[in-house]
Amino acid sequence: MSNTDGFIEEVNEEVRRDRMMGYLRRYGWIAALVILVIVGGVTFSEYRKAQDRAQAEGLGDAMLAAVSVNDDAGRIAALSEIEAETPRANAVLRMITAATQADAGDATRAVETLNSIATDNDVPEIYRQLAQFKAITLQGTDTPARERRQALEQMAQPGNAFRLLATEQLALTDIEVGETDSAIKRYQAIVADAEVTSDLQHRALQVIVALGGEPDLSAIG
């Protein structure tokens, strides 16, 4: 860690920011959360905001140094040595750790790390929901379709930030077990949803056609 810290001190602010963003793109599913940590504290006083920003930037530097380590075991060990000051920052740290564990081929530990976030009541709900979703999808077919479906159906309920993505995963589970008609219905519901993103909508339309269905384009607003 000391060698890496020494290297970071030698580069200027612009290079540091560019390098950090490069690593964040590798973990794109949590990039927005890291940004929230860095710019957090907007409801505090100016002094508090400056203090929080300094802590967040310090955390960002530490995470950058950790993920810069060349080997998987070294990255995971470096991440484990970082201390986060707030539940939100700790959640982001654990998500990056889970992503690193998954990259290293240790899906079991990655799922355990994500589940520790999903069940942590001190962590904001959006973080818990994201961790739960990633844990389910990371398990893949290693977990029986019945168990995955039960967990995904809970996430697909109104009010969950990841309900449409959970619905998509439910459709993929339907395809996995040969329930094509059910999958088409789920994808059609995604297409017609008022909150669907253009990317997800386009993806759903493509799968409907690939499954031999006919998209109901009248449902698109």
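Classify the range 66-140: rounded, prolate or oblate, from the alpha-carbon gyration tensor (a ≥ b ≥ c, eigenvalue square roots; a/c under 1.5 rounded; otherwise prolate if a/b is larger than b/c)? Oblate, because a/c is 1.5 or more while a/b does not exceed b/c. Whole-Hz Karplus values for the range 112-128 come out as 4, 5, 5, 5, 5, 6, 4, 9, 8, 5, 7, 8, x, 4, 4, 5, 5 Hz, taken residue by residue from phi with 6.51 cos²θ - 1.76 cosθ + 1.60 and θ = phi - 60°; glycine and proline positions read x.
Shape summary: the range 117-193 maps onto an equivalent ellipsoid whose semi-axes, from the alpha-carbon gyration tensor, are 23, 15, 8 Å in decreasing order. Taking a ≥ b ≥ c as the square roots of the eigenvalues of the Cα gyration tensor, an a/c ratio of 1.5 or more together with a/b no larger than b/c marks the range 48-172 as oblate.
No lab work stands behind these numbers, since they all come straight from the coordinates. On a predicted model such as this, the values are computed, not experimentally measured, just so you know.
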